[in-house]
1. Quick check on my filter: what residues within the stretch 34-75 are within 28 Å of residue 398 (Cα to Cα), in contact with a Ser or Thr (Cβ under 7 Å, 6 or more places away or on another chain) and either in a strand (DSSP E or B) or free of Cβ contacts under 8 Å to residues at least 40 places away in the same chain (or both)?
2. Of all the residues that make up the stretch 274-315, how many are closer than 17 Å to residue 236 by Cα and of a type in the set (Phe, Trp, Tyr)?
3. Working carefully through the options 103, 169, find the one that is among the polar types (S, T, N, Q), touching a residue at least 12 places away in the same chain (Cβ under 8 Å) and over 19 Å from residue 187 (Cα atoms).
4. Which count do you get for residues in the stretch 86-102 that are in a helix (DSSP H, G or I) and within 22 Å of residue 156 (Cβ to Cβ)?
5. Please identify the pairs in which a residue from the stretch 392-407 that is assigned by TED's automatic domain parsing to the domain that holds residue 426 has its Cβ atom under 7 Å from the Cβ atom of a residue that is of a type in the set (A, V, I, L, M, F, W, C) and in a loop (DSSP other than H, G, I, E, B), counting only partners at least 6 apart or on another chain.
6. Among the listed residues 121, 151, which satisfies the condition of being over 27 Å from the mean Cα position of the chain (by Cα), surrounded by fewer than 20 Cβ atoms within 10 Å (Cβ to Cβ) and part of a helix (DSSP H, G or I)?
7. Restricting attention to the stretch 225-250, which residues are out of contact with any Pro (no Cβ under 9 Å at 6 or more places or on another chain) and farther than 19 Å from residue 268 by Cα?
8. What number of residues within the stretch 125-163 satisfy the criterion of being within 30 Å of residue 92 (Cβ to Cβ) and at pLDDT 95 or above?
Amino acid sequence: MIKHLLFYIIIFNAIIGCKSDKDSHTFFGGKIINPKTNHVILYAMDKVIDTLFLDNNNRFLGRFKNISEGLYYFVHGIENQYIYLEPKDSLMLRLNTWDFDESLVFAGKGAERNNILIDCFLEDEKDNKVFYKLNHLEPREFKEKTDSILFLKDITYKEYITEHPDETSGFNTVLNVALTYPIYARIERYPIVHLKYSNKKDFHDLDETFFKHRKVVNINKDSLMYYPPYTQYVRNYLYNSTYSLGHKPMANEYSSDFTKDLLNTIDTKISSKKSKNAFLKQTVIGHFYRKSSCDVNKDAFNTYFELSTSDEDKNHVRLLLTDNKAVHKGKKINNFQVYDFNERKQSIHKIIKNKNSFLFFWNPEYVSPMYISSRMNYLSKKFPDIQFIQIKIDGNSKDRIHKLDIKNQFYIDATSEANNFLTSKMPRSIIIDKKGIVQNGYASISSRKIYNQLKELISE
């Protein structure tokens with residue numbers, strides 16, 4: 001109780017202390033319990049708005065002039081969460097990093113709308129368990145259950161907007177997306193997920209009424225492009241639409257024809273240029289990583305280059321393809337220098353000498369330390385005869401991942417020869433045998449194919 005009282009005192013002092021600016025500024029701040037870093041970063045879309053540093057009491061406060069209404073998200077450590085800000089808000093939060101999302105609570109002007117959004121997020125996590133069972137059901141039963149869930153979501157939505165008549169149409173749209181799009185996304189995903197739990201080898205023949213939600217959704221809102229409930233729905237819809245062209249279910253990797261058809265589906269269905277370019281890039285890169293191989297689907301990449309209108313994106317993808325050509329299967333990997341976390345320079349040839357090795361080069365812009373630690377710990381236990389090495393791209397002595405063995409962690413700086421095959425700065429894995437010969441120059445830790453690739457390494 002005392003802790004919560006102190007929290008509200010923080011709010012009072014922050015807002016009253018800035019009273020002269022109250023009419024023209026928006027405030028965002030709060031208190032972090034058990035902080036992981038000394039700052040909070042506020043983003044709008046993919047742009048950093050500000051870095052807010054914690055004081056000695058782990059509090060932070062940002063003051064913003066002429067801020068636009070809409071979705072933002074803040075990052076602390078490896079966690080993040082979305083907020084909805086309006087001009088003249090005074091939004092304060094309190095959270096404990098040991099239970100990040102569950103402990104998050106808002107107060108101040110703008111709190112009610114953000115508290116219901118976090119409630120939607122937590123409810124969606126619970127729905128994941130519900131849908132694990134629902135996906136076993138046949139289409140008619142599944143649809144009846146989802147219709148019931150959507151009915152309850154609609155009640156929640158109507159109750160909120162009735163009790164909060166002054167909310168903007170912009171927020172009401174976001175609330176509706178937060179409540180319903182995760183359910184719509186699961187409906188779009190159902191045909192492929194259901195196959196896992198049935199003996200069928202092909203999709204059910206589903207009529208248009210099964211996907212009646214498509215009549216009310218909007219898949220061309222740039223302002224929601226980075227909002228997970230929205231992007232997950234759009235992605236599932238695009239994949240489902242592509243499967244409906246006659247493609248058979250695919251498990252480990254997508255065929256060249258499917259990838260090309262998906263890229264063309266994105267081009268046809270998404271009218272917003274910014275969203276279209278983003279989905280095109282995510283798709284062609286995602287399918288490349290799913291292959292977990294140096295083999296490049298040239299037709300798919302050519303289709304991507306034809307459809308994308310973003311020169312920046314296309315140049316980045318070209319760097320990825322250049323990197324892919326720089327390491328050759330069947331040849332000895334070129335030597336390069338890395339640093340350990342005692343800042344000692346070491347030769348990669350010495351580190352991997354006479355050992356089956358898996359080199360994972362990582363960049364936090366594309367993969368989180370939490371995911372890396374989870375995957376590396378799992379793979380190292382499953383394949384104890386393989387040495388799993390993590391190498392941070394553009395790193396320093398503070399970049400270690402704490403839940404992984406520090407002896408297997410290294411980093412490279414701008415002078416390392418490894419940068420010759422890391423120009424895109426994107427993650428890559430290289431599988432090397434005991435003789436130092438590359439067996440796979442572009443494996444992927446997220447691909448299902450990685451298990452057989454590692455089994456083949458130790459069987460040689």
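1. Hits for the stretch 34-75 are 39, 41.
2. 1
3. Working: 169 fails: touching a residue at least 12 places away in the same chain (Cβ under 8 Å).
So the residue among 103, 169 that is among the polar types (S, T, N, Q), touching a residue at least 12 places away in the same chain (Cβ under 8 Å) and over 19 Å from residue 187 (Cα atoms) is 103.
4. 2
5. Matching pairs, first to second residue: 393/412; 393/422; 394/414; 395/412; 397/341; 400/341; 406/341.
6. Numbers: 121 fails: over 27 Å from the mean Cα position of the chain (by Cα).
Residue meeting the stated conditions: 151.
7. Result: 226, 227, 248, 250.
8. In the first step, residues of the stretch 125-163 are kept if they are within 30 Å of residue 92 (Cβ to Cβ); the result is 125-128, 153, 155-163.
Among the residues that remain, those that are also at pLDDT 95 or above are: 153, 155-163.
Here the count works out to 10.
The values are calculated or read from the model by the stated rules, or taken from the named source; none is laboratory data. Everything quoted here is computed from the prediction, not taken from an experiment. Every residue, glycine among them, receives a Cβ derived from its backbone with ideal geometry; neighbour counts consider all protein chains shown.
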